[in-house]
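The values are calculated or read from the model by the stated rules, or taken from the named source; none is laboratory data. Note that the structure is a prediction, hence the values are computed from the model and not measured. Methodologically, a virtual Cβ is constructed for each residue, glycine included, from the backbone with ideal geometry; neighbour enumeration extends over all protein chains shown. Please note that ligands, DNA and RNA were not included when accessible areas were found on the heavy atoms of the full protein model with its side chains. Shrake-Rupley method; radii C 1.70, N 1.55, O 1.52, S 1.80 Å.
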Amino acid sequence: MAPIPRDRLVRIYLSCFCTALGMFMYGYDASTFNTVNTNVYWNAYFGDSLDSKNATVVSSNTIGLIPVGYSLGTIITGFFVSSILSDLWGRRVPMFVGAVFVLGFSFLQAFSPNLATHIVGRTGIGLGQGLMLPAGPVYIGEIAPRAVRGQMMSFWQLVYSVGAFCSYLVGLIT
């Protein structure tokens, strides 16, 4: 097997890195709610009941509902939409559209005036993640030469953990 020219290898690594940012976002966002739901300020803002210390908290039923919207969004677009878009327009289109969804609904979630809007934002982020996640590893597998394909696919999975770690670090700091 002939060696891969350095300039081509750099472009491949950069493309795989950009693609893996979708997995980073998934790791970060999937872990964010684990830190947010215990935050005193988040509970005071969105709280719908009082705890034993008369502090405003979000009820356990509502806490359970929030990740459901995110997961359903991911399942719906991941299973039913991403593969169709990928087959029609290539892998980059669902990754780009998914990133736009995640960005837009992240703003909605961040600036939500009430819990219902927050849940809509989480669900929309799930829709975007569902578009990105199936297309990403397939795209990496298609563009990475056999000599570095395993390394690139491992990197795809690794950045999920890096995203989750960053989320927990931000939660610890705030």
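Just name the residue that is farthest from Tyr160 (Cα to Cα) out of those in the range 28-72 that are in a loop (DSSP other than H, G, I, E, B) and among the small types (Gly, Ala, Ser).
Result: Ser52.
What are the residues in the range 8-19 that are touching a Pro at 6+ places or on another chain (Cβ under 9 Å) and open to solvent by less than 60 Å² (accessible area, probe 1.4 Å), if any?
Residues satisfying the conditions are Leu9, Ile12, Thr19.
Quick one: which of Ile4, Ile12 is part of a loop (DSSP other than H, G, I, E, B), of a type in the set (A, V, I, L, M, F, W, C) and in contact with a helix residue (DSSP H, G or I) (Cβ under 8 Å, 6 or more places away or on another chain)?
Ile4
Filtering the range 107-118 down to residues that are part of a helix (DSSP H, G or I) and in contact (Cβ under 8 Å) with a residue 24 or more places away in the chain, which residue is surrounded by the most Cβ atoms within 10 Å (Cβ to Cβ)?
Here the answer is His118.
Of the numbered conditions (1) open to solvent by less than 50 Å² (accessible area, probe 1.4 Å); (2) within 15 Å of the chain's Cα centre (by Cα); (3) of a type in the set (Val, Ile, Thr); (4) more than 20 Å from Tyr160 (Cβ to Cβ), Val102 satisfies every one except a single condition; which is it?
The number of the failed condition is (4).
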